[in-house]
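The structure appears below as structure tokens.
The values are calculated or read from the model by the stated rules, or taken from the named source; none is laboratory data. Fair warning: this is a prediction, and the values are worked out from it, not measured in the lab. In this analysis, Cβ positions are derived from the backbone assuming ideal geometry, glycine residues included, and neighbour counts consider all displayed protein chains. Side chains are part of the model used for accessible areas, which takes the heavy atoms of the whole protein and leaves out ligands, DNA and RNA. Shrake-Rupley method; radii C 1.70, N 1.55, O 1.52, S 1.80 Å.
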Amino acid sequence: MADDKIKSLLSEDRHYAPPRHGKDIARIRSRHEYDALCELARTDNDSFWAERARGLLHWFKPWEKVQNCDFNVPRVEWFTGAHLNASYNCVDRHIITDRRNKAALIWQGEREMEVRCYTYQMLYTDVCRVAAALNALQIKKGDRVALYMPMVPELAVAMLACARIGAVHMNIFTGYADGGVLSRIQDSGARVVITADAVMRGGEPKPLKANLDRILGQCPSVEKVLVVNRANIEVNMLKGRDIWWQDLLDDFTLDADFPCVSMEANDPLFILHTSGSTGRPTGVVHSTGGYLTYAAHTTQWVFDVKDTDVHWCTADCGWITGHTYMIYGPLSLGATTIMFEGTPTWPRPDRFWRIVEKFRVNMLYTAPTVVRSLMRQGVEWTNHYDLSSLRILGSVGEPMNPEAWMWYHTYIGKGQLPIVDTWWQTETGGVMLSPLPYASHITPGSVTKPLPGIEACIMNTDGKEEEAESGGNLVIKKPWPGLMKGVHNNPEKFKSYFSTFKNCYLSGDGAKVDDKGNFWILGRMDDAINVSGHRISTAEIESVLVSHPAVGEAGVVPIPHEIKGEAIYAYVALQDNIEWTEDLRKELRNHVRSQIGALASPEQIQFVDELPKTLSGKILRRLLRKIASGDLLENLGDITTLARPDVLPVIITDRSRLAAGQPEKLIPKT
Ligand code: PRX
């Protein structure tokens, strides 16, 4: 971990006290209350979580044991023996209260005039119909349903309908290309895929169903495909397999009240794939009881959501943030949640601020990448709108650099609003480290402290807890209800999170704690790259690159990027007798784009004669990373383990040539 990075982070000495306005009615009102809650969770962890679970959710049957976790096995089990249903908690229980006609979901389409609003009652009706339709297709508890859908209300309905019948949903981000979609469907063994004809981007429909058609031949588990008509474009419908969503739901024989399946707390609610340190995506499995408790708990404490609030999480439901903070958290609390189909800058860079004004949004939760890109557009776009409804701002997915933090604070928060910089992961289910908006003193760039009930620390490679000020591995020492219950089809991968340090969950991130106990996230320690807040595995990109017939070997590393935080830099050694050409460079970039998705497309591909390797043949990515970021030979540190040190100067020279817009110099092979 770069010392200068740590130093520059810790030289940040601005502090912001929590706002006074709104404090009296906040959930957690002071540092004193925060400390007391931490103490309570420390002394009687089970009672702490039991109380939260009981207070936040409706359980059909109480638990026999609050937790039955053991990191050594590893086993993660919460609220053993209890029964509940996530759809019941997010919908049914609200329609027997005054919330019945309250807006549950407000959808803003890509075009300004396209808006749809679902009350809780309306959501109930649609969720029941889709649940009945899935049931009619013989989908049962435990079956997997893949959701490869744009950000339309039908996606929320589909998630809740799966939860209603106990089917396990597996969302696939629509930005993934064939390879990414294929590997996820194959890994999940989904029986049904729900998709749409297209996703709208920049006013144009981009086909989705056609993407599926190319790969479904390789997915024998898929029996039916439901297709939402989003864009009215022509699609091929395979007789006997493909069904229009609208046709299925129009069936008047479907039950208007479809009952919820009673789920044991540890029955899976969903699978969501994230990038691991291997080429294979990791299918993180979340439970029903623990996950939902944690989603509701953190939404209530971190965002201080009240009944009257309009909560807007700008993430896509293809990511965990959309699951927890657009769907399960806000809806289980009976709040109003916003779903936006478009992007922040189309057709103009005012979309976010327009939405805030239009729906009087109270909480805005977005990613630093978005803040940085909107910051570039200038403040005339923000000044034009009334943002006074905002009460809390949030950030997630990557480090928030102090410059972006200050812009967010000054121009969106008008210097008044708390910013909750929340650290968490797909695996953790919900926020782990974050300020509490009315209780924490905030320093830009720090995620402050673990939430009550979360015991985090920094460990060095020997498994010793680091003192304040030294960087190391961010680990969690105690189970919490949001922790994944397993990795689908891959118990070894699940074990790997708990095998490095005894009795600890290894996050894979580097971090540091300052002398005030505040945590600073320093980035991934493993082979993952964080592009615009999305975790992508270097191994996955490398394996796609080497799957191209021209490629012999590839080494992929992150480089700093002004907007995206990190970007992808790929070193490629071609097969013998293959020429380095610009066409091939383009082809390789397209190859990655078509196999994984645009997100994984390398910013730069550098051809190399040979990758720097140890004598045992291990690629030294540490060196590649430094070179890609512009470091010269004298800054590379120890290179004595290299089998062929002479490859380095050539790679360094070529990197500079590429940075200056010239191609690499072709060196005859030795
Ligand atoms: O490296 C951390 C970074 O995002 C990773 C988790 O990625 P993913 O599972 O895709 O989930 C993203 C949304 C929760 C982490 O290991 N990360 C997340 N939040 C922050 C962060 N890095 C710095 N600051 C954060 N607030």
Report task. Place the peptides 513-521, 76-84 in order of packing, highest mean first, counting for every residue the other Cβ atoms within 10 Å and averaging per peptide. Result -> 76-84, 513-521
Query - Probe 1.4 Å, accessible area per residue of segment 528-659, Å² - result: 43 Å²
Report summary line: Extension length gain for His32 and Arg241 (0.36 nm per residue less Cα distance), in nm, is 69.3 nm
Report task. Using per-residue counts of other Cβ atoms within 10 Å, averaged over each peptide, order 54-65, 327-338 from highest down. Result -> 327-338, 54-65
Requested in this report: Express in nm, to one decimal, how much length is gained between Val650 and Leu633 on full extension, taking 0.36 nm for each residue of separation and deducting their alpha carbon distance.
Outcome: 5.1 nm
Report task. Filter the cross-link list Lys65/Lys502; Lys449/Lys477; Lys23/Lys306; Lys102/Lys306; Lys23/Lys512 down to pairs whose alpha-carbon distance in this structure exceeds 18 Å. Result -> Lys65/Lys502; Lys23/Lys512
**Report entry** Proximal lysines relative to Lys141, as straight alpha-carbon distance under 19 Å, when same-chain residues fewer than 8 apart are discounted
**Finding:** Lys61, Lys224, Lys485
Query raised in the report: For the pair Arg622 and Ala598, how long in nm is the line joining their label points, each one 7 Å along Cα→Cβ?
Result: 3.7 nm
Report task. Return the carbon/sulfur percentage of the accessible area of the chain, one whole number, probe 1.4 Å, all protein chains in place. Result -> 51 percent
Report summary line: Under 25 Å between C-alpha atoms, the lysine pairs in segment 528-659 lying 8 or more places apart or on different chains count 5
Report summary line: Once both label points are put 7 Å beyond Cα along the C-beta direction, the Val73-Ser547 separation in nm becomes 3.5 nm
Query - segment 499-558-segment 393-449 distance, computed between alpha-carbon centres (Å) - result: 22 Å
Report summary line: Among the Cα-Cα pairs of the chain, the proportion with separation greater than 42 Å, in percent, is 24 percent
Query raised in the report: What fraction, in whole percent, of alpha-carbon pairs in segment 382-491 exceed 20 Å separation?
Result: 52 percent
Query - 3J(HN,Hα) from dihedral phi, segment 413-429, Karplus parametrisation 6.51/-1.76/1.60, rounded to Hz, x for glycine, proline - result: x, 6, x, 10, 8, x, 10, 9, 8, 9, 9, 5, 8, 3, 5, 8, x
Report task. Provide the packing ranking of 647-660, 125-138, i.e. peptides ordered by the mean count of other C-beta atoms within 10 Å per residue, highest first. Result -> 125-138, 647-660
**Report entry** Pairwise label distance in nanometres, Glu380 with Asn590, each label 7 Å out on the Cα-Cβ vector
**Finding:** 3.8 nm
Requested in this report: Using Cα centres only, tell me the gap between segment 54-119 and segment 148-224 in whole Å.
Outcome: 23 Å
Query raised in the report: Across segment 613-622, in residue order, what do the Karplus-derived ³J(HN,Hα) couplings come to in whole Hz, using 6.51 cos²θ - 1.76 cosθ + 1.60 with θ = phi - 60° and x for Gly and Pro?
Result: 10, 7, 4, 7, x, 7, 5, 8, 5, 4
